[in-house]
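All remarks here apply to the structure that follows.
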Amino acid sequence: MRWCAASRRACPAATSRTNAATVTIVFAVSDLEVIAADASTCTRCPLAGGRTQVVFGRGDPGAGLMFVGEGPGADEDAAGLPFVGRSGKLLDRLIAEEMGLSRADVYVANVVKCRPPGNRDPRPEEMAACRPWLDAQIDRVDPRVVVTLGNVATRALLGRGDGITKLRGRAYPWNRRQLIPTYHPSAALRGSPGVMAAMRGDLVRAKLALAAASSVGSPAG
Ligand code: URA
């Protein structure tokens, strides 16, 4: 058995002989891919009936930093990928400018994986039905730092009813990690005063938390 980087589990290896050397080829299907395939046919809540496709998540499956949004919008439902619309473009820009990272360096997911009709907030029972998928993503990616985007994601993960304006501005120890709430990029796109500056500050906070966690080499919190 070999250790598969993608799944962080032992996985079967196939060994083949060439002329002089023995080459080990690892056939690894990561846990995340298996879970995404399972999720792609999910019917755990009524949102399944209105989706074009499940929007599971995207990014580096070994990322130290994970972003959690609310749920797919029309663009994401069509593309099957999270944060591809205007909010996503702004998120990419802020990640690049404040953290020096690209989308490929992080993992991005949502609280619900299917588009709520008319972009309404997901209902508590929909979030509860979808939660096992998010928990599995967090477990497998195993990020040191989780950034929640907006009220829905922050309340869902922190389990607190306060609004994002009250909850943001600090890091929370959370399940051996650091959770850093910030505004949803759509709030910055609406031009709410101070939101963009606050988001920039929160992303710098996340960057520092990631650096601190990396320097001690074990999950923070
Ligand atoms: N808003 C979200 O919360 N998630 C997306 O994937 C896109 C927009």
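The values are calculated or read from the model by the stated rules, or taken from the named source; none is laboratory data. Every value quoted in this text rests on a predicted model; they were computed, and no experiment measured them. All Cβ positions, glycine included, derive from the backbone under ideal geometry; neighbour counts span all protein chains shown.
Quick check on this structure: which one of V204, V195, V145 is at pLDDT 95 or above and within 16 Å of the ligand (Cβ to nearest atom)? Full working, then the answer.
Values: V204 fails: within 16 Å of the ligand (Cβ to nearest atom); V145 fails: within 16 Å of the ligand (Cβ to nearest atom).
From the options V204, V195, V145, the qualifying one is V195.
Could you list all residues from the stretch 103-119 that are surrounded by fewer than 18 Cβ atoms within 10 Å (Cβ to Cβ) and more than 12 Å from the ligand (Cβ to nearest atom)?
First, pick out the residues of the stretch 103-119 that are surrounded by fewer than 18 Cβ atoms within 10 Å (Cβ to Cβ): 104-105, 117-119.
Across the stretch 103-119, the qualifying residues are A104, D105, P117, G118.
Sort through P122, P72, P82, P61 and tell me the only one that's within 13 Å of the ligand (Cβ to nearest atom), within 11 Å of the chain's Cα centre (by Cα) and in a loop (DSSP other than H, G, I, E, B). Talk me through it step by step, then tell me what you get.
Working: P122 fails: within 11 Å of the chain's Cα centre (by Cα); P72 fails: within 11 Å of the chain's Cα centre (by Cα); P61 fails: within 13 Å of the ligand (Cβ to nearest atom).
Just one listed residue meets the conditions, P82.
Let me confirm something: among L208, L158, L203, which residue is without any contact (Cβ under 8 Å) to a residue 24 or more places away in the chain, farther than 30 Å from V34 by Cβ and more than 13 Å from the chain's Cα centre (by Cα)?
Numbers: L158 fails: farther than 30 Å from V34 by Cβ; L203 fails: without any contact (Cβ under 8 Å) to a residue 24 or more places away in the chain.
Exactly one residue qualifies, and that residue is L208.
Could you tell me whether G100 is within 9 Å of the ligand (Cβ to nearest atom) and within 26 Å of P173 (Cα to Cα)?
No; evaluated as a whole, the condition is false for this residue.
Name the single residue, out of those in the stretch 85-94 being farther than 27 Å from V216 by Cα and more than 13 Å from the chain's Cα centre (by Cα), that is farthest from the ligand (Cβ to nearest atom). Please lay out each step first, then the result.
Here is the first cut: in the stretch 85-94, the ones farther than 27 Å from V216 by Cα are 85-93.
Next, from what is left, pick out any that are more than 13 Å from the chain's Cα centre (by Cα): 85-87, 89-90, 92-93.
Numbers: G85: 6, R86: 9, S87: 4, K89: 11, L90: 10, D92: 12, R93: 15 Å.
The residue in question is R93.
Of (1) outside any strand (DSSP E or B); (2) closer than 15 Å to A136 by Cβ; (3) within 16 Å of the ligand (Cβ to nearest atom), V34 satisfies all except one. Which?
All conditions are met except number (3).
Are there any pairs, at least 6 apart or on different chains, whose C-beta atoms fall under 7 Å, with the first in the stretch 63-92 and without any contact (Cβ under 8 Å) to a residue 12 or more places away in the chain and the second more than 10 Å from the ligand (Cβ to nearest atom) and among the charged types (D, E, K, R), and if so, which?
D92/R103
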